[in-house]
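Reading through the structure tokens given below for one structure.
The values are calculated or read from the model by the stated rules, or taken from the named source; none is laboratory data. The structure displayed is predicted, hence computed values, not measured ones. FYI the Cβ positions are ideal-geometry reconstructions off the backbone, even for glycines, and counts take in every protein chain you see. Side chains are part of the model used for accessible areas, which takes the heavy atoms of the whole protein and leaves out ligands, DNA and RNA. Shrake-Rupley method; radii C 1.70, N 1.55, O 1.52, S 1.80 Å.
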Amino acid sequence: MGNCAACCRGFWCRAKNPDVRISLPAVCFVWQIAMIILFGVFVRYDEESDAHWSEYKLANNITSDIENDFYYRYPSFQDVHVMIFVGFGFLMTFLKRYSFGGVGFNFLIAAFGLQWALLVQGWFHFLDPADGYIKIGIENIINADFCVAGCLIAYGALLGKVSPVQLMVLTLFGIPLFAVEEYIILHVFHVRDAGGSMVIHTFGGYYGLTISWILYRPKLDKRLNGSVYQSDVFAMIGTLFLWMFWPSFNSAISDHGDGQHRAVINTYLALASSVLTTFAISSLSAKRGKLDMVHIQNATLAGAVAMGSAAEFMITPYGSLIVGFCCGILSTFGYLVITPFMEKYMKIQDTCGVHNLHAMPGVLGAVVGAITAAAASESVYGHEGLVNTFNFKGKYAERTPATQGGFQAAGLCVALAFGIVGGAIVGLILRLPFWGDPSDDNCFDDEVYWEVPEDEESIPPILEYNSHMVGKNTDRMSNFTVEQS
Amino acid sequence: MGNCAACCRGFWCRAKNPDVRISLPAVCFVWQIAMIILFGVFVRYDEESDAHWSEYKLANNITSDIENDFYYRYPSFQDVHVMIFVGFGFLMTFLKRYSFGGVGFNFLIAAFGLQWALLVQGWFHFLDPADGYIKIGIENIINADFCVAGCLIAYGALLGKVSPVQLMVLTLFGIPLFAVEEYIILHVFHVRDAGGSMVIHTFGGYYGLTISWILYRPKLDKRLNGSVYQSDVFAMIGTLFLWMFWPSFNSAISDHGDGQHRAVINTYLALASSVLTTFAISSLSAKRGKLDMVHIQNATLAGAVAMGSAAEFMITPYGSLIVGFCCGILSTFGYLVITPFMEKYMKIQDTCGVHNLHAMPGVLGAVVGAITAAAASESVYGHEGLVNTFNFKGKYAERTPATQGGFQAAGLCVALAFGIVGGAIVGLILRLPFWGDPSDDNCFDDEVYWEVPEDEESIPPILEYNSHMVGKNTDRMSNFTVEQS
Amino acid sequence: MGNCAACCRGFWCRAKNPDVRISLPAVCFVWQIAMIILFGVFVRYDEESDAHWSEYKLANNITSDIENDFYYRYPSFQDVHVMIFVGFGFLMTFLKRYSFGGVGFNFLIAAFGLQWALLVQGWFHFLDPADGYIKIGIENIINADFCVAGCLIAYGALLGKVSPVQLMVLTLFGIPLFAVEEYIILHVFHVRDAGGSMVIHTFGGYYGLTISWILYRPKLDKRLNGSVYQSDVFAMIGTLFLWMFWPSFNSAISDHGDGQHRAVINTYLALASSVLTTFAISSLSAKRGKLDMVHIQNATLAGAVAMGSAAEFMITPYGSLIVGFCCGILSTFGYLVITPFMEKYMKIQDTCGVHNLHAMPGVLGAVVGAITAAAASESVYGHEGLVNTFNFKGKYAERTPATQGGFQAAGLCVALAFGIVGGAIVGLILRLPFWGDPSDDNCFDDEVYWEVPEDEESIPPILEYNSHMVGKNTDRMSNFTVEQS
């Protein structure tokens, strides 16, 4: 009877139907075929990845193959790629029964998103006026990975509460929103944002949080919303790869030479500083000073998010340390206070705490970038250095650092607006009843969308006689006997 | 009594003796000592890794150290290296009780194989006629890693059913087979196969499958041939590192400049496309649209295998997407239909499904390569681009793309022949009774070759009083009480 | 009653108080703030990471941005970075209940150590006499990572037995000890030690072992000092990333061109050779030839440690194989015989076996380096090659290889002295009673310093009705029923 009631509550009596057998394949096929057609119409190799490169080299007086942009950026690209798939993916394996969904759906939407991003970013930034083609090379695929990051951040807020079809829809709309926002910020406002404090983190964070607010589940079952020992160790794989490779993220599309070099050093220092303040606040906030894995997995990364705009500026090494210092505190404090507050009073359920890891540090990073830009001077940068760093060339030749600072601040407002308004619209679309999202009782559970293998406990028979062989499995044996009694 | 009978069945009454205490150390020592002697006789540094480089630079008018091939290829080499050891290794940890064997034996045979490959490939391709030495540099160690990949693919088909000594024998013969096959395909036929669709994947796949066919076990115990939740997450580490770094694999030994650049873009796109069709078919094939981790772990990679030959060609971005699209479908379909069919009717037990991940996509990749090569034209590549891409130089200066396409197809036949015939011979050798392979009852079980630690359940006593300290382990406590009752 | 007694033993009745709620945050904050102040006073960008780079290029006739040292060293830096955080971190997750501490405290002290190292190494090696600033660039952050490695090695010997505050103190003193030792060896003695056989491994190993000896715990509870199946697989992540990227470690700060190229090849070969002899000895030493994961996780790496000094020398490929061959044997033998001996008779408890993986191979590596240096000749290196490799320039222009060999040997003595004497002093400091170290009963247990999540077994209720939905969790269900009966 109790079973039956539980059963009713859990499965039969709900309106939601998480069967995606038609919708998921349909969405995957339709969108992949659309990609193929659109790539056929629009996308070609750029001059550095085309077989005409040898002629291009000659024509442009390039003496060596090593001058191909590929060699400047490929190592950074691979690091960014690892962050997108292993970093974000494994960071989301921390839930006890949602590791498949965390790493698997991350994989799915990133693989779709990067194709879609190549197209949409191409239309806005890389369309060759001569022949109407988007010409792609190493910088485009880095940018596509960046663009995907925005949607993966949004996924973090929704982890465990949405269906893969909803995630595909979230990505379908998220990528063009990102591209338009990026176009306005980087091209119309001529803002510098190499690591995407505004463009990626602020936008992605608020996009996801707004969707989560609209999809609010008042009766969400929290029993599976937590980690186990092993899943926390898996999540550390994600954390560490994000942490280690973030210098590559912030420098991947910076200027050749000192730009990339400086962005690496600044990010490296800000990250190191975040770690210490995260450990400090985490320990300070718990009985007996016990550290919380959630803080270590996330807040240690906040420093790099906040260096996203200013990474290539002359913020100085100690400036980077200060940014990391503040962010570690702010982000850990967010996990302790702001996330519970938002859930209780603002009806925003933020599974991974993207508000603390991306949204807030992103806003802070934009502010840091604006201040650092406004404070730039020829005495610090040198004349040519100033022009190069802020790209004060062409129609921006007359712009002063102070004006630049103002535009940096304006960029932040654009990112916020796109995140919140875009998130509201996409959130309403995702509330439509046919996306196959799970019921409140089935959230955070891989059983809904995955064939989950049986657990290890179900293999005693073979262990029984093995134990004779190895002579040490007595515990397993006794366990087995108890279970059969 | 029952125990005793089980015990007899399980251990005492079988003919197979998996004791490798003499044979494994003997094989390791003998072969390692042989390597040292042969390296002493044959192997030296090449001009770019020798201390005479500064003189060589001067003599060859090289102005900068950055022109050393090391800087063109080292980042790709490290990515390939990760694929070989972490990628292949962790992909094979998916079995519930064979993770040690998956990652550990992969480690052993890769470490032996790369030394042996440096020698054998050196004899065929890199022998300096002036002094009879093999001169090694960065390109050689990439090629050695490639050569090893062939044997690791073969291991995938045999996972859990062979002894480490058999694997060493498989590698001992596999490397020279690979090197001869590679010599015929790349040098005699002058075929282009940068990522090894034929040379590595087709050969490796059929080599392993043929051996598995000869070592067929009709009474194989399947209870341990499956995953558990955690082991599937471990396997995703392997999958993702393979997936992310495959662009480096296909571009590692391509031409400097546009060749490497284009190979990366093509592989990146084919992989992304594979992911979507894999998810689609996996979902379509199961009740309620549930995804199967086996498909996600493997079929998502098939697109890159099929880009192995054509990666450096002007296959166009949408061409790459189409290749990935087809491969994701084909490979997932293979897991659903072909693998069970082969096991039931053809007596081929393919533990990891290498037929679906390597053999079939490899054949498809060879066909794609042949067609793309045959369709090449000066209008697309430019004159110099065509010559560079297909290396129509020296005695091949007169070869046309159409002829090249024919040779590409011929290369596929060579790879198939070497895989199947070589596999048959090595399979027969591996059936000899003294290699220490496990009995049918002990397959897929690490207990046979590893000291497996006791399970976590056997540590209750210390948890008991800890629970007082931390005040939250009541579940563990009650668990413990039950087990003792 | 029994419970009460256990409780007393376990918690109330001990003198040690592992509460770090005040001390850990205090240490983190104070030291991070100190870093910010000292960086503000001392640290600036170097000419290659400063915005004045475009002027510097012009002044120094540098034609291309690719000549920025960043492009020579950044891929190697990232590999080293992965070794420090994922390699060392995950290698230390092998304990069944100390994975959080292994990877987490590694993260903490590395993040602090690298900042401190930038300062201290800067004072000794990189102080710009013109303005008194330390100028940092890519080479400095590689060196900082190296310096941190010494302290992480020391942590390996102490794993599970010390508090995070003690580790911060260990790092606070370890970094300056390292920097002084490095200054004497590399600058005063002009010794070559690219991969740090002496400077890093010998020093770090004996530093940790001496501290462990001083902190000897006669009543150490060993129940948690062991692995479980999953934790051994996690540790293999660490092992493999160390193994794969060690060629980058030994070549990261070698000479541009052939120096880096040769260091990679030598290390790659030594590592491969180590693997085979490790498997051989491990199998030979156990009943039925069963392999031990502890050996595979550690001794396979010993070859690279022993190539630390000689990596950039013309040791020849077979010479590298021989070094790896010997080290695999020596290190595995160490785990089998020397570690138990040291614990029993010398009162040195070495959790990770750093004596076998770092200390002994480091000493061997120093000897190999001394011999190889002494045997160097112009016929092998060429005149310019000899000068470049050993940097026989300026006031060392007259030094002969034989003399160099003598200085290499002297360098080893310095490393040993600093490790042992420094370790003794720091060990005495760490014995002070206020560092929050755990009691003998609580060693190797994450519960002491971490909020450990409840185990998976404690989630049956939700599984009960899920099992209706998925129709396959019968095992879990019956399990649950038994536990409640």
Residue under evaluation C:His187, criteria (1) more than 26 Å from C:Asn17 (Cβ to Cβ); (2) away from chain A (no Cβ under 14 Å); (3) modelled with pLDDT of 95 or more, criterion not met
(3)
Checked pairs for segment A:204-219, first of a type in the set (Lys, Arg), second part of a helix (DSSP H, G or I), C-beta under 6 Å and 6 or more apart or across chains, list as A:Arg217/A:Asp440; A:Lys219/A:Asp440
Select from segment C:16-30 the residues that are more than 7 Å from chain A (Cβ to nearest Cβ) and touching a residue at least 12 places away in the same chain (Cβ under 8 Å) and write down the one among them that is surrounded by the fewest Cβ atoms within 10 Å (Cβ to Cβ).
C:Asn17
Subset of segment B:210-235, residues under 21 Å from the mean Cα position of the chain (by Cα) and open to solvent by 30 Å² or more (accessible area, probe 1.4 Å), comes to B:Trp213, B:Leu215, B:Asn225
Looking at segment C:143-150, is at least one residue under 14 Å from C:Leu108 (Cα atoms), part of a helix (DSSP H, G or I) and either open to solvent by 10 Å² or more (accessible area, probe 1.4 Å) or free of Cβ contacts under 8 Å to residues at least 60 places away in the same chain (or both)?
no
Checked pairs for segment A:424-437, first open to solvent by 70 Å² or more (accessible area, probe 1.4 Å), second in a helix (DSSP H, G or I), C-beta under 8 Å and 6 or more apart or across chains, list as A:Ile425/A:Phe173; A:Leu428/A:Ile214; A:Arg431/A:Ile214; A:Phe434/A:Ser23
Out of all the residues in segment A:192-201, is one or more open to solvent by less than 10 Å² (accessible area, probe 1.4 Å), in contact with a Pro (Cβ under 8 Å, 6 or more places away or on another chain) and within 24 Å of A:Phe85 (Cα to Cα)?
yes
Please go through (1) within 9 Å of chain C (Cβ to nearest Cβ); (2) at positive phi for B:Gly132 and return the number of the only condition it doesn't satisfy.
(1)
Residues to consider are B:Ser283, B:Ser273; find the one that is in contact with a helix residue (DSSP H, G or I) (Cβ under 8 Å, 6 or more places away or on another chain), within 7 Å of another protein chain (Cβ to nearest Cβ) and free of Cβ contacts under 8 Å to residues at least 12 places away in the same chain.
B:Ser283
Could you please give the count of residues in segment C:40-68 that are in contact (Cβ under 8 Å) with a residue 40 or more places away in the chain and more than 8 Å from every other protein chain (Cβ to nearest Cβ)?
3
C:Ala130 fails exactly one of (1) of a type in the set (A, V, I, L, M, F, W, C); (2) farther than 30 Å from C:Met236 by Cβ; (3) part of a helix (DSSP H, G or I), namely (3)
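Residue-wise test of (1) of a type in the set (D, E, K, R); (2) at pLDDT 65 or above.
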{"site": "B:Ala6", "(1), (2)": "no, no"}
{"site": "B:Ile22", "(1), (2)": "no, yes"}
{"site": "B:Pro25", "(1), (2)": "no, yes"}
{"site": "B:Glu55", "(1), (2)": "yes, yes"}
Restricting segment B:286-314 to residues that are buried (at least 24 other Cβ atoms within 10 Å of the Cβ) and in a loop (DSSP other than H, G, I, E, B), which is farthest from the other protein chains (Cβ to nearest Cβ)?
B:Gly308
Which numbered condition trips up C:Phe112, out of (1) crowded, with 24+ Cβ neighbours inside 10 Å; (2) more than 9 Å from chain A (Cβ to nearest Cβ)?
(2)
If we ask which residues in segment C:242-285 are farther than 26 Å from C:Asp69 by Cβ and open to solvent by less than 10 Å² (accessible area, probe 1.4 Å), their number turns out to be 15
Restricting attention to segment A:93-109, report how many residues are under 17 Å from the mean Cα position of the chain (by Cα) and at the interface with another protein chain (Cβ under 7 Å from one of its Cβ atoms).
6
